[in-house]
1. Rounded, prolate or oblate, given the Cα gyration tensor of region 102-162, with a/c below 1.5 counting as rounded?
2. Measure off 7 Å from each Cα along the Cα-to-Cβ vector at K384 and E353, then give the distance between these two points in nanometres to one decimal.
3. Roughly speaking, what is the centre-to-centre gap between region 147-162 and region 203-224 when only Cα atoms are used, to the nearest Å?
4. May I ask you to derive the FRET efficiency for N472 and N557 from their Cβ-Cβ distance with R0 = 41 Å, giving the value to the nearest 0.05?
5. Of the listed peptides 343-350, 538-545, what is their order by residue-averaged count of other C-beta atoms within 10 Å, with the highest listed first?
6. Set the Förster distance to 41 Å, then compute FRET efficiency between E234 and Q135 from the Cβ-Cβ distance, nearest 0.05.
7. Treating the beta-carbon of each Lys and Arg as +1 and of each Asp and Glu as -1, no other charges, what is the dipole magnitude of region 193-265 about its Cα centre, to the nearest 20 debye?
8. Averaged over all directions, how much area does the convex hull of the C-alpha atoms of region 115-313 cover when projected, in nm²?
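Since every read-out is calculated from the coordinates, none of them should be taken as a lab result. What you see is a predicted model; the values in this text were computed from it and never measured. Because the Cβ atoms are built from the backbone with ideal geometry, glycine has one as well, and the counts that use them run over all protein chains shown.
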Amino acid sequence: MNQEKFPKAQFNVAKSDKIEDVKNNLQGVGAEEKKIYEETMEFFEQMQPLGDIFVGSWGYHLEFDPRADSFYFNHKKKSIGISPRLIEQLNLTPIEKKFGFLHELAHLAQLFDNPDSYLESFEVPKQKSKEAEAQAGAGDKEKIEAFSEQQWRRFFNVFFDVHANALVERRTPEFQPGEVNAKVVSNLYQERLFRQNDYSQEAYSEQMIDYLLRQTMAPQAETKIALPVKQVIEQPVSFFGYKYDSLLDFVKQEIYNPLLSTKEVMFRLKQVLMPAFEKLLNKDIESGNIIIKKEIIELGEGISEETAKGIVETLEEAQKPASEKMKDKTEEEFKNLMREQGFSEKEIKRMLEIKKATADIYKDLRDLWSRFIERSVEIQQDKKAGFKQGAGVSSESLAPQLPVLLTNPDQAEIFYRYMPQVEKEAIKPKKISLYLILDLSGSMDQNKRRAVQEVSYTLDKSLIDFYRDAKNAVVDQGEAAPIDIDLEIIGFGSPGDLKILLPKNPQEIQERRKIDDFPQKDMEQDLWRGIFKVETVDLGATDDAQALRVVEDKISNPEVAKDLEEENEIVVVLEITDGETQTAQESKNLVYLLNNKKNVYARAIQIPGLIYSEEAPKEIKEGVFEPPKILAPSGIFKQVWGHYGRRLEDLAALKLTVFDILEDALEDYL
């Protein structure tokens, strides 16, 4: 086939400039080439209104750019850039160019209609070629993989071309049967694209798609194919209750159908045409009839995989709702902040996973903390005079009101009333202290630790943000935050092994950094560092008494005890463990002491999973150890915690269980 390459030139104008600007800014181009450019651009300028019919329903207008490879999008200008090179490389007549131009826009319509199905036409060839390569012999793998991908790509190109042609015919009356240019398409396929009649020596898979394309678009043309291919094509087809005489009949009715969506076309290809094509392709590979073609004859260049993916990505970004764009922006700002603070990309990825996994329960917990707060108001009755009616006569009002009293006694304002006056408003509690006591023994596997990370984050972060909101509510009045918080994460393991993962409270950070405002970002970074230690610190056995003792000692401080008694502070203690403590009696006593203090709520969760012995495994031979022994539940957890403890059967329920525990504590408090 004769091809005329569209000449290239350099321009000093940006993409998507007006056609007139492009014509006036040709540089370094000979007179003949310049003439070709001008004629071509004038032709496409005439095509623009027709092209806008295709793309107008998407809210875009067309702009032509001879420097573009194919298509590009400018969503700010709501324009689609299209290159004349898409069809000018073919030696076509003006009316054929018109059809070719609309054919390329029809491919764009297919992509816009269902991006996922269109992109699938690029993914399936890769998948199928890998399958063929895996089944091939050692010496033929690379060639078979290339041939398979080539044929599958051609398969989708051909049948998407057939459907694109149907779209053009439906939307452009002059190409419809009985109209003046009705034969343009069939002549184009018969005389320009597929001049030969005999395809019987081609690969079977090639024969099938060439025959179906040629006979659909140019049915009057004689097309010779090999008998095995003919037998496959002529088999009757049954498709969801409908009968078709052959594959050709099916293609004419079900692929060359402008009423079908891209997704519906892809479904028909998968159900009917792909199995037949794959059968012939396998015969080609088995017989060694493998030909890698340097040039494949098709109408135009179509949309490349790279271009299609770029368009889809741009479309998806443009179509995102404002809320989602804001979410993406916030996420990117969060990433940059964490990078500045020295967190690794792996850690940042885990942070985003935790934030996503806890989003719903976080909102509920944030609301729950506010429900712990109650306002108490002291009211005083003030005596005020100057009323026509009231509790009694005011002696101070008699003299001033005497003239009114003598002439119009009903209007005399000589009575007093007792009016309620708010003396002061108090918020209780004034402090919430949250202690998370976490099992960091050797039996805590990665899944358990990751679940504990999520609980720790959502509990502490919700309380931090609750504090921040409370402070922001009064910052304009120059007042201090109406409530303080204290957060601690304590990891326990073997006796003597205690790890304070998060020791900081807002006041301590303020003192350390010498700044006036509450550094909420710093607090969150300290929280993240503590949470990541949950995954890495291994403290051996299960001795929770030492952690409970730390908390009990702190709240036994006379000042704290006074605040608890006067309801100025509440303390929430939550232990999360997978095992059963080795200090049962001491732990039980501490749980009793904590829960019998006013406004202290000590609770525990035993998360599911096997309970492993904390004993060091025996060495069978050098470097090889016995697996740790699995212990049966002994009931110690229930004995220690009683109705204050819950044993989970499903790790997924951990966050909701934490919420339920806090709600129970809230009911007790109120």
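1. The shape class here is prolate.
2. Those two pseudo-labels are separated by 6.3 nm.
3. Using only Cα atoms to place each centre, the spacing works out to 14 Å.
4. That pair, N472 with N557, gives E of 0.85.
5. Ranked from most to least packed, the peptides come out as 538-545, 343-350.
6. Here the calculated transfer efficiency is 0.90.
7. It comes to approximately 100 debye.
8. That works out to 12.0 nm².
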